[in-house]
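Q: Input: one structure, supplied below.
The values are calculated or read from the model by the stated rules, or taken from the named source; none is laboratory data. Everything quoted here is computed from the prediction, not taken from an experiment. Glycine also receives a Cβ, built like all others from the backbone with ideal geometry; neighbour counts cover every protein chain displayed. We work out accessible area using only protein heavy atoms, side chains counted, and drop any ligands, DNA or RNA first. Shrake-Rupley method; radii C 1.70, N 1.55, O 1.52, S 1.80 Å.
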Amino acid sequence: MTAFDASMDWTSRIRRRFRRERIARDFARYSASRPLGFEIFSDDRSEYGDELVKHLPPCDAINLHWIARYVDYERFLSTVPKRIPVVWTIHDTNPITGGCHYDESCGSGPQLGSGDVNNSSRQMSKRKQELIGYVDTCRLHFVSFNRWMASNLAQDPFPLRFPITIIPNGLDTEVFAPWNRKFAREVLGLPQDATIILFVASQGQIRYKGFLPLIEALSGLKRQDNLLLASVGRSRF
């Protein structure tokens, strides 16, 4: 396995700094207007430019995954050798939105708090459509983990030209298997007689994860005897 190490010569470092500052400058105008409760908003540009392509080892195909803030769309798609097909495994809707990772009318700029018809979100969406629109259909193949994501890809105006395959995430069933309930609760320190509701999200404060609606629903219950909410993630409430 070969890891990417960015070039450390002065020219490369200055170029990366220039790109990084330009991207930050474009986004800085929304620092005061951007509302809370949204996750990251990612630019289609990257400080690395075409460095990634230059460092690619000899290969028969390229498999992209979550590339936000790492792969520069324009430099990558325009410089990767045409003989090498690209398989793009989609983890969220960022590749087909203006910068959002979960599409909530992204083009209209709700995550930026901007009503400008030419805001950064719209500019990014337009750039992505134009860039991907130039790619030959035989060179790019999308992979989705589920039908929901595949339907999002199929409805978007520019990936319609490309094939989409659904390949669910795999699990080691020797590790991820049902355990004895009593033993599991003992290990986790959970009460044996409680009714447990499990909520899982890496960042529960993000609106669409649904933690606040869950709390509202639970508070509306007439009886909550021996009810326990178990939350798994990095957020603290």
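Q: So which residues in segment 142-186 are of a type outside the set (K, R), more than 18 Å from the chain's Cα centre (by Cα), closer than 24 Å to T79 by Cα and outside any loop (DSSP other than H, G, I, E, B)?
A: L160
Q: Now for a separate question. A6 is checked against (1) under 30 Å from P110 (Cα atoms); (2) over 18 Å from the mean Cα position of the chain (by Cα); (3) part of a loop (DSSP other than H, G, I, E, B) and fails just one. What number does that condition carry?
A: (1)
Q: Regarding L190, is this residue surrounded by 10 or more Cβ atoms within 10 Å (Cβ to Cβ), out of contact with any Gly (no Cβ under 8 Å at 6 or more places or on another chain) and not in a helix (DSSP H, G or I)? Give the steps one after another, and end with the answer.
A: On the way: surrounded by 10 or more Cβ atoms within 10 Å (Cβ to Cβ): yes; out of contact with any Gly (no Cβ under 8 Å at 6 or more places or on another chain): yes; not in a helix (DSSP H, G or I): yes.
Yes: the conditions hold for L190.
Q: Could you check segment 142-173 and list, in sequence order, the residues that are in contact with a Ser or Thr (Cβ under 7 Å, 6 or more places away or on another chain) and either open to solvent by 60 Å² or more (accessible area, probe 1.4 Å) or at pLDDT 95 or above (or both)? Break it down stepwise before answering.
A: If we filter segment 142-173 for residues that are in contact with a Ser or Thr (Cβ under 7 Å, 6 or more places away or on another chain), which is where we start, we get 143, 150, 152-153, 161-162, 164, 166.
V143, R161, I166 - these are the residues of segment 142-173 that are in contact with a Ser or Thr (Cβ under 7 Å, 6 or more places away or on another chain) and either open to solvent by 60 Å² or more (accessible area, probe 1.4 Å) or at pLDDT 95 or above (or both).
Q: Additional query: Is it the case, given these coordinates, that V71 is closer than 18 Å to F142 by Cβ, modelled with pLDDT of 90 or more and assigned to a strand (DSSP E or B)? Outline the logic, then answer.
A: Details: closer than 18 Å to F142 by Cβ: yes; modelled with pLDDT of 90 or more: yes; assigned to a strand (DSSP E or B): no.
Answer is no for this residue.
Q: Out of F38, F27, report the one residue that is surrounded by 12 or more Cβ atoms within 10 Å (Cβ to Cβ) and either without any contact (Cβ under 8 Å) to a residue 24 or more places away in the chain or outside any loop (DSSP other than H, G, I, E, B) (or both). Show your work before the answer.
A: Details: F38 fails: either without any contact (Cβ under 8 Å) to a residue 24 or more places away in the chain or outside any loop (DSSP other than H, G, I, E, B) (or both).
Of F38, F27, the one residue that is surrounded by 12 or more Cβ atoms within 10 Å (Cβ to Cβ) and either without any contact (Cβ under 8 Å) to a residue 24 or more places away in the chain or outside any loop (DSSP other than H, G, I, E, B) (or both) is F27.
Q: Right, here's the next one. Quick check: anything in segment 214-226 among the polar types (S, T, N, Q) and surrounded by 14 or more Cβ atoms within 10 Å (Cβ to Cβ)?
A: Taking segment 214-226 first, the residues among the polar types (S, T, N, Q) are 219, 224, 226.
Going one step further and asking which of them are surrounded by 14 or more Cβ atoms within 10 Å (Cβ to Cβ), we end up with none.
Scanning segment 214-226 turns up no residue that is among the polar types (S, T, N, Q) and surrounded by 14 or more Cβ atoms within 10 Å (Cβ to Cβ).
Q: Quick one: how many residues across segment 46-88 are charged (D, E, K, R) and open to solvent by 50 Å² or more (accessible area, probe 1.4 Å)? Working first, answer last.
A: We begin by selecting, within segment 46-88, every residue charged (D, E, K, R); these are 47, 50-51, 54, 60, 69, 72, 74-75, 82-83.
Those left that are additionally open to solvent by 50 Å² or more (accessible area, probe 1.4 Å): 54, 60, 69, 74-75, 82-83.
Qualifying residue count for the region: 7.
Q: Another one. From F211, F183, F199, F176, which residue is of a type in the set (F, W, Y), over 17 Å from L36 (Cβ atoms), modelled with pLDDT of 85 or more and surrounded by 12 or more Cβ atoms within 10 Å (Cβ to Cβ)?
A: Working: F211 fails: over 17 Å from L36 (Cβ atoms); F183 fails: surrounded by 12 or more Cβ atoms within 10 Å (Cβ to Cβ); F176 fails: surrounded by 12 or more Cβ atoms within 10 Å (Cβ to Cβ).
The conditions single out F199.
Q: Further, regarding this structure: Do we have Q205 as assigned to a loop (DSSP other than H, G, I, E, B) and over 14 Å from A230 (Cα atoms) here?
A: Against the criterion (assigned to a loop (DSSP other than H, G, I, E, B) and over 14 Å from A230 (Cα atoms)), Q205 qualifies.
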